[in-house]
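The structure under discussion appears below in the form of structure tokens.
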Amino acid sequence: MSTAAAGHHDHDDHGPAKGWTRWLWTTNHKDIGTLYLLFSLVMFFIGGGMALIIRAELFQPGLQLVDPLFFNSMTTMHALVMIFGVVMPAFVGLANWMIPMMIGGPDMALPRLNNWSFWIMPFAFLLLLSTLFMEGGGPAGGWTLYAPLSLQGGDSFAFVIFSIHFMGISSVMGSINIVATIFNMRAPGMTLMQMPLFVWTWLITAYLLIAVIPVLAGAVTMLLTDRFFGTSFFNAAGGGDPVMYQHIFWFFGHPEVYILILPAFGIISSIIPTFARKPLFGYASMVYATASIAFLSFIVWAHHMFTVGMPLAGEMFFMFATMMISVPTGVKVFNWIATMWRGSMTFETPMLFAIGFLVMFTIGGLSGLMLAITPADIQYHDTYFVVAHFHYVLVPGAIYSIMAATYYWMPKWTGNMYDEKWGKIHFWVSTVFLNVLFFPMHFVGLAGMPRRIPDYNLQFADWNAVATIGAFGFGFSQLIFVYVIYKCIKGGEKATDEVWEGADGLEWTVPSPAPYHTFEKPPAQYS
Amino acid sequence: MSLTSRLSLLAVLSLGSFAARADINMPVGVTPISRDVYGLHMLIFYICCVIGVAVFGVMFYSMFKHRKSKGAVAADFHESTLVEIVWTAVPLFILIAMAIPAAKTLIAMEDTSDAEVTVKITGYQWKWHYEYLDSGIEFYSNLNAEHNAARQVGSGIDVSQFDNYLKDVDNPLVLPVGKKVRFLHTSADVIHSWWVPDLAVKKDAIPGFINENWALIEEPGTYRGKCTELCGRDHGFMPVVVKALPAEEYDAWVAENTQAEEAMIADSGDGASAAVAAVDDDREWAMDELVAIGEGVYAQQCASCHQADGAGIEGAFPAITGSAIATGDHAAHIDIVYSGKAGSAMAAFADRLSNSDMAAVLTYQRNALGNAVGDTIQPSAIKALR
Ligand code: HEM
Ligand SMILES: [Cu+2]
Ligand SMILES: [Cu+2]
């Protein structure tokens, strides 16, 4: 049935190496994909643990558990771990596993670079997390590291900068690899406009990363020299400008939030057609919408800075540009719904997560639209309303897409079906708690609760207690996810090659589990 | 009306009444701008509700109707340029309609001309300093002392007994009703942000820069807000309180405080009445006198980091009790308070404290908080540095 399977039998010596060093030296895209995904899962629990410390302190007014400075370093670390340690590595892991198989290529274009990109990550995070145990504690100035506050910390700051450089190097190398793979390893005859959307969205994401990670690297290096080498890039007393840091940071930061969501768009665009048993509606417009989002993401950065005192013309420009970005985002949502329309839908776990994504990401998009209205944003800014907004786009957005992808492709990875009953329980329990956790944040934010505070007035007490209950519920229900993954790796009903009735794409033409090497001979479909 | 449209109407209406509750929605506020902002907020909120009902309505309808278990057979369409154009253009028009009132309000917000009162607001870690440029009145505004004691980790004090827990200060900013007030924002250390929701005024206080915005308060009352830009350990504990008085009462307040200020200057020797100050700084002060003044200064200026009992916070703020600097050489002790420590939260107090206040707090640190060096630092020693 599959050319790849036939190819596999000719090369028996090409199986994985024996012993644990297999994982250290591997250049196989599937092994590296697995490493990234497991790493991300571990970090998910570390970052989640930090979130629970934050929520536990916020359960009632008054300071019960932690010092405010430690509280600040928890919010800072939580964000850094979740963004750079969970969402990004998970997407790179999925890219590693799926892109070569989706485009009918034998592996990533630059396998050794691939190994290095991954193995930098554990060291980067060891370095970052170790600062919590150093004198003066970890970074506590927020994940945005705004100067001059971030420069007040202890000497452990140098380690933070260093670890961010490592993460950046890893991301850029991963991105170069993905671009090279997509341009060079496609099955002969596969045009760009025939690529699955996951490949398209990753291609665009990779360009975003290559463009903005160096900007972040520049910004944090200037922090480093301001802190340790006497420069004054961001020190007004020395002729510098603290606001310039924010401009540079958000020139990275806004594209970064799209880096965290574009691959998710690709995943959802694979899953919905499968379970609606109907091709994706508006493939071309999806590609164009993704490209316009990527373009617009470079010219909206100062919507994070409406209170810093920009000229009126600047505020106007960034308001209009930000409103514009909801247009292509809307187009995507409409296309997904049109794909579902008059389909023949079933609701297995991946589809449940995809629909959860669709509903709750849209809620986050709508609050984004509210934030774009500058006069209103001046009230919303730096309150829990913003916290609610970005958690709606990131948790049921990015994180749900990763979970959907895991359930969707896990049978292909392991050769076994996961436990459908527990998968569904995982979805429903998570979704209920997630809304208990994040929805009330809209309320307290509007009513006046600033973000990044460890203690608050009694007027916010009820909703904070509710949110904390939601947080613990959500956190602990992720153990179900681990259980389902573990069970699926260990065994279970054998998966067919196609796995899903409505599945379409080259990855479903290879055997389940996917052999160590696939598409050593290119597939015939496109030539 | 069909059942679905009736249901969606109900959903919108119930959302509406839900949103009107003050504990879960933005306050309408007491200035023309805050009312405009509230109007924009509700408008965009209702637009989002309508979009939400439409999008989710179609989606859930499809999920119930077009499921395989109900025998649905998949159609095969997957493209329509017309539809794509429509759902690109319609949102675009909605946005343009929204952008026009938003731009108007924004222009009004930025127009700080013709203000009658100007207040310069300086953020410090972690208090505010207010200076009325017209009358010269100035003072610091700290978190209410009882709240400050209650909010320490493991204080054992039940915070629910306080009415405005963490939203009350010793000295509120007093403003007139019915006059355009211009605020100038800056900071002495890191970035803060001065926010009063009822005035729809939020602006970052940035060291080395001066930002401005304005408010015209229409109703007397007390309006409470917070610092909203993360500014370090006690970011959550630097509230803003504005007390808006009718014009006559405000004028009386200004008159009273201008006199009080002059009297105080004459009394303690700070700035204007230089002759008195000079004499006062040169005389030899008694230990008790210095310690008594120093205790107050310490509570206002130092306790938020070094703690009321001088124990500091491990890993963040050094203890004063038993500190080598605070029990050692005079020069080093004076220097760290006078010039601060670069790259740390320890600010330079040279411009913040008078000679006598600085001498007092130094002497206090040496002879209280568990230290007993037994010597004094005299105001004359500080004066010599200036
Ligand atoms: C419809 C599209 C969107 C619009 C119009 C929008 C608009 C905004 C605006 C104006 C802010 C600044 C709020 C403030 O600080 O006052 C913001 C914050 C944020 N947004 Fe969005 N957003 C959109 C979608 C997204 C997506 C897709 C993501 C990521 C997956 C995202 C992630 C974030 C994050 C992380 C922040 C807060 C960053 C921080 O201050 O720490 N947003 N958004
Ligand atoms: Cu943004
Ligand atoms: Cu502050």
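The values are calculated or read from the model by the stated rules, or taken from the named source; none is laboratory data. Fair warning: this is a prediction, and the values are worked out from it, not measured in the lab. Cβ placement follows ideal geometry from the backbone for every residue including glycine, while neighbour counts extend to all protein chains displayed. Each accessible area value is taken on the protein alone, full model and side chains, heavy atoms only, with ligands, DNA and RNA left out. Shrake-Rupley method; radii C 1.70, N 1.55, O 1.52, S 1.80 Å.
In this view, the solvent-accessible surface of B:ASP335, computed with a 1.4 Å probe and all protein chains in place, comes to about 80 Å². Taking a Cβ cut-off of under 14 Å around B:LYS68, the surrounding Lys, Arg, Asp and Glu residues balance to a net charge of +4, with basic ones at +1 and acidic ones at -1. When B:GLU249, A:GLU315 are compared by accessible area of protein heavy atoms, the largest-first order is B:GLU249, A:GLU315, using a 1.4 Å probe. Ignoring any ligand, DNA or RNA, what whole percent of the accessible area of chain A comes from carbon and sulfur when the probe is 1.4 angstrom? About 71 percent, which is the carbon plus sulfur part of the accessible surface. Averaged over the residues of peptide A:72-81, the number of Cβ atoms from other protein chains lying within 10 Å of each residue's Cβ is 1. In segment B:330-374, one over the average inverse separation of all distinct C-alpha pairs is 11.0 Å, which is the Kirkwood hydrodynamic radius. Estimated at the nearest 10 Å², the accessible area of B:ILE334 is 20 Å² with a 1.4 Å probe. Here segment B:117-264 has 47 percent of its accessible surface on carbon and sulfur atoms, given a 1.4 Å probe and all protein chains in place. Burial annotation for segment B:80-104: residues with an accessible-area loss of at least 50 Å² between the isolated chain and the complete set of protein chains, computed on heavy atoms with a 1.4 Å probe, are B:GLU84, B:TRP87, B:LEU95. Heavy atoms of chains A and B lose about 8000 Å² of accessible surface on contact, summed over both sides with a 1.4 Å probe. Within 10 Å of the Cβ of each residue in B:237-244, the mean number of Cβ atoms contributed by other protein chains is 1. A straight Cα-to-Cα reach below 14 Å connects A:LYS487 with the aspartates and glutamates A:ASP419, A:GLU420, residues fewer than 8 places away in its own chain not being considered.
Rolling a 1.4 angstrom probe over the protein heavy atoms with all chains in place gives the protein assembly as shown an accessible area of 37 Å² per residue. Restricting segment A:277-343 to chymotrypsin sites (Phe, Trp or Tyr not before Pro) that sit in a DSSP loop and have at most 15 other Cβ atoms within 10 Å of their own Cβ leaves A:PHE298.
Taking N as the residue count of segment A:178-311, its C-alpha radius of gyration divided by 2.2 N^0.38 Å amounts to 1.37.
Rounded to the nearest 20, the size of the Cβ-charge dipole of segment B:272-383 about its Cα centre is 280 debye, with Lys and Arg at +1 and Asp and Glu at -1.
Once divided by 2.2 N^0.38 Å, the Cα radius of gyration of segment B:195-259 becomes 1.33. With all protein chains in place and ligands, DNA and RNA left out, the 1.4 Å accessible area ranks A:GLU57, B:GLU116 as B:GLU116, A:GLU57, largest first. Ligands, DNA and RNA aside, A:TYR486 has an accessible area near 140 Å² when probed at 1.4 Å. Of the three principal axes defined by the Cα atoms of segment B:117-264, the extents in descending order read 44, 34, 33 Å. Mean partner shielding of peptide A:339-348, defined as the number of other chain Cβ atoms within 10 Å of each residue Cβ, is 6. Within the protein assembly as shown, the proportion of C-alpha pairs whose separation exceeds 53 Å stands at 21%. The radius of gyration of the Cα set in segment B:272-383, together with its Dmax, comes out at 13.4, 44 angstrom.
Would you mind classifying chain A by shape? Square roots of the alpha carbon gyration tensor eigenvalues, ordered a ≥ b ≥ c; an a/c under 1.5 is rounded, otherwise it is prolate if a/b is larger than b/c and oblate if not. In terms of gyration-tensor shape, prolate. Sorting B:GLU218, B:GLU289, A:GLU507, B:GLU146 by accessible area puts them as B:GLU146, B:GLU218, B:GLU289, A:GLU507; the probe is 1.4 Å, largest comes first, and only protein heavy atoms count. If you take the Cα centroid of segment A:162-206 and the Cα centroid of segment A:130-148, the two points sit 32 Å apart.
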